[in-house]
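Accompanying notes for the structure given below.
The values are calculated or read from the model by the stated rules, or taken from the named source; none is laboratory data. Keep in mind that what you see is a predicted model, and the values were worked out from it rather than measured. A quick note on method: Cβ atoms are made from the backbone with ideal geometry, for glycine too, and the neighbour counts reach across all protein chains shown.
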Amino acid sequence: RKEVEQDPGPFNVPEGATVAFNCTYSNSASQSFFWYRQDCRKEPKLLMSVYSSGNEDGRFTAQLNRASQYISLLIRDSKLSDSATYLCVVSSGGFKTIFGAGTRLFVKA
Amino acid sequence: SAVISQKPSRDICQRGTSLTIQCQVDSQVTMMFWYRQQPGQSLTLIATANQGSEATYESGFVIDKFPISRPNLTFSTLTVSNMSPEDSSIYLCSTYTPVDEKLFFGSGTQLSVL
């Protein structure tokens, strides 16, 4: 079993749709959680951190469920520019960071 | 966040040759890392670049194949030695901020080995 698992997709959605990605992690001692966005042939960029209380940044909402060991990312009112690969990232402290394989999103007009 | 400049951005190389990738940060950073992202895969940590000492390699990666230098707190290089087509990948340097455990990446080097 991989340490961090994501549905690879791709998710194909129309503009304006709401889409949700889930990610599960295996290490119950994991401490920090993030979503990164990676455009084609570009470096990953931090999208948002994920907190137990849930957090929102504009159209993006991230949630963490420690009991079930999963993280989610919700994108509302999808834009064409949201098309990218979304990486779930889990840290167990220090710099030991594990990346999921990513979920590909295509938003079409 | 620090600004990370990585070069070259891409290269096409012949098998058996070596390529050195450079990473320059605009401020001093304690921790720098090198990652590899093979086609369709996620990121895999190659090594931690330690300032003034030998790099710390992850399982499956060795110094002879991926020598790393880190002469100061703002610069590091990764060399991919004796390349084969299996080394075709994106190589990324990154910095880490312990306070919030966030990683920031250089723009990556897309390497193709023929």
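For A:ASN55, only one of the following conditions fails: (1) in contact with a Gly (Cβ under 9 Å, 6 or more places away or on another chain); (2) free of Cβ contacts under 8 Å to residues at least 12 places away in the same chain; (3) polar (S, T, N, Q). What is its number?
(1)
From the list A:ARG37, A:ARG41, exactly one residue is part of a strand (DSSP E or B), within 12 Å of chain B (Cβ to nearest Cβ) and of a type in the set (D, E, K, R). Which is it? First the steps, then the outcome.
Working: A:ARG41 fails: part of a strand (DSSP E or B).
Among A:ARG37, A:ARG41, only A:ARG37 is part of a strand (DSSP E or B), within 12 Å of chain B (Cβ to nearest Cβ) and of a type in the set (D, E, K, R).
Quick one: is A:LEU47 buried (at least 17 other Cβ atoms within 10 Å of the Cβ), more than 25 Å from B:GLY40 (Cβ to Cβ) and without any contact (Cβ under 8 Å) to a residue 40 or more places away in the chain?
no
Would you check which residues across the stretch B:1-59 are more than 13 Å from the chain's Cα centre (by Cα) and among the hydroxyl-bearing types (Ser, Thr, Tyr) and list them?
B:SER1, B:THR17, B:SER18, B:SER27, B:THR30, B:SER42, B:SER53, B:SER59
Considering each of A:ALA29, A:ALA67, A:ALA84, A:ALA62 in turn, give the residue that is farther than 16 Å from A:ARG104 by Cα, surrounded by 21 or more Cβ atoms within 10 Å (Cβ to Cβ) and hydrophobic (A, V, I, L, M, F, W, C).
A:ALA62
Tell me which residues, restricted to the stretch B:1-45, are among the charged types (D, E, K, R) and part of a strand (DSSP E or B).
Passing the criteria: B:LYS7, B:ARG10, B:ASP11, B:ARG36.
Looking only at the stretch B:50-68, filter to residues that are modelled with pLDDT of 95 or more and assigned to a strand (DSSP E or B); which one of those is surrounded by the most Cβ atoms within 10 Å (Cβ to Cβ)?
Here the residue is B:ILE68.
Please pick out the residue among B:SER107, B:SER112, B:SER94, B:SER76 that is within 14 Å of chain A (Cβ to nearest Cβ), under 18 Å from B:ILE4 (Cβ atoms) and in a strand (DSSP E or B).
One residue alone meets the criteria, B:SER94.
Determine, yes or no, whether B:TYR35 is modelled with pLDDT of 95 or more and in contact with a Ser or Thr (Cβ under 7 Å, 6 or more places away or on another chain). Don't jump to the end; show me each part of the working.
Numbers: modelled with pLDDT of 95 or more: yes; in contact with a Ser or Thr (Cβ under 7 Å, 6 or more places away or on another chain): yes.
Answer is yes for this residue.
Right, A:GLY93: touching a residue at least 60 places away in the same chain (Cβ under 8 Å) and either within 13 Å of the chain's Cα centre (by Cα) or more than 14 Å from chain B (Cβ to nearest Cβ) (or both) or not? Before the answer, list the steps.
Numbers: touching a residue at least 60 places away in the same chain (Cβ under 8 Å): yes; either within 13 Å of the chain's Cα centre (by Cα) or more than 14 Å from chain B (Cβ to nearest Cβ) (or both): no.
No.
Give just the number: which of (1) away from every other protein chain (no Cβ under 12 Å); (2) modelled with pLDDT under 95 does A:SER81 not satisfy?
Single failed check for A:SER81: (2).
What number of residues within the stretch A:44-78 are more than 19 Å from A:GLU3 (Cβ to Cβ), among the basic types (Lys, Arg) and more than 14 Å from chain B (Cβ to nearest Cβ)?
2
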